[in-house]
Amino acid sequence: MSTIRSLIRRAPKRFAAFVAMIAAVAVVAPTLVFAWGPDRQLFTTAQPADYITFNSITDNPSHGDERNFMQVREASASNTTYADEISLSAGKEYVIYMYYHNNAAANLNLVATGTYAKAQIPAVVPNGSNGTVANGFVGATNATPREVFDDIKFKNTTGGDIALRYVPGSATIHNFGATDG
């Protein structure tokens with residue numbers, strides 16, 4: 001390791017900058033390809049977690065890979081059309097779906113406290129946008145990690161900016177419990 005540092009110190013500054021860029025790409029590229037995070041231990045339905053963690057099961061029979069928990073579709077389309085990105089049209093409604101699941105094994109009766117789900121949706125998707133990002137977050141005060149995230153992307157080739165507005169009263173929660181619906 002000290003040999004590598006020594007070579008970098010003696011290398012021309014342009015070369016050192018190039019190496020730094022390559023290192024940055026190696027760290028950032030996986031995050032850009034997979035828009036979820038943070039990196040965390042993964043589980044299966046057959047081998048769930050022995051602690052409170054969210055959206056870390058890779059083979060959920062009703063959802064698939066839970067790390068991809070935020071998706072979008074046009075409101076008039078079927079649930080089978082949810083995707084990670086969508087091309088917008090002015091005047092249409094869209095549904096954003098966020099899946100949350102405490103992956104602790106059910107027999108452990110581990111209850112997540114301070115649990116939340118939140119989304120950051122852009123107010124405007126500019127004309128020509130090829131991927132304006134909306135972010136979703138799920139977490140709890142006693143979860144490891146405390147928060148997980150995923151995103152979706154909006155494209156706009158309509159010739160004008162598109163404003164995104166929440167439809168009052170449209171948010172619902174489905175949990176098969178007291179707050180269902």
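The values are calculated or read from the model by the stated rules, or taken from the named source; none is laboratory data. Just so we're clear, the structure is a prediction, and the values are computed from it rather than from any experiment. Note that each Cβ is placed from the backbone with ideal geometry, even for glycine, and that neighbours are counted across all protein chains shown. The protein model used for the area step is the full one, side chains on, heavy atoms only, and it has no ligands, DNA or RNA in it. Shrake-Rupley method; radii C 1.70, N 1.55, O 1.52, S 1.80 Å.
Taking the criterion of being at pLDDT 95 or above and among the polar types (S, T, N, Q), the residues of segment 29-59 that qualify are Gln41, Thr44, Thr45, Gln47, Thr53, Asn55, Ser56, Thr58.
Whenever a residue of segment 75-93 is part of a loop (DSSP other than H, G, I, E, B), its partners that are open to solvent by 80 Å² or more (accessible area, probe 1.4 Å), lying with C-beta atoms within less than 7 angstrom and at least six residues away or across chains, give the pairs Ala75/Glu93.
Could you tell me whether Lys118 is surrounded by fewer than 18 Cβ atoms within 10 Å (Cβ to Cβ), of a type in the set (D, E, K, R), more than 14 Å from Trp36 (Cα to Cα) and touching a Gly at 6+ places or on another chain (Cβ under 8 Å)? Criteria met by Lys118. Kindly evaluate Thr172 against the criterion of being in contact (Cβ under 8 Å) with a residue 12 or more places away in the chain, assigned to a loop (DSSP other than H, G, I, E, B) and not hydrophobic (A, V, I, L, M, F, W, C). No. What do you reckon, is Ser62 at pLDDT below 95, outside any strand (DSSP E or B) and open to solvent by 70 Å² or more (accessible area, probe 1.4 Å)? Answer is yes for this residue.
A single entry from Gly169, Gly177, Gly181, Gly114 fulfils the requirement of being modelled with pLDDT under 95, of a type in the set (Gly, Ala, Ser) and in contact with a Ser or Thr (Cβ under 7 Å, 6 or more places away or on another chain): Gly181. The number of residues in segment 134-152 that are open to solvent by 60 Å² or more (accessible area, probe 1.4 Å) and under 26 Å from Leu88 (Cβ atoms) comes to 1.
Of Phe154, Phe176, all but one fail to be touching a strand residue (DSSP E or B) at 6+ places or on another chain (Cβ under 8 Å) and under 18 Å from Tyr97 (Cα atoms); the exception is Phe154. Looking only at segment 99-115, decide whether some residue is without any contact (Cβ under 8 Å) to a residue 24 or more places away in the chain, more than 14 Å from Ala143 (Cβ to Cβ) and aliphatic (A, V, I, L, M). No.
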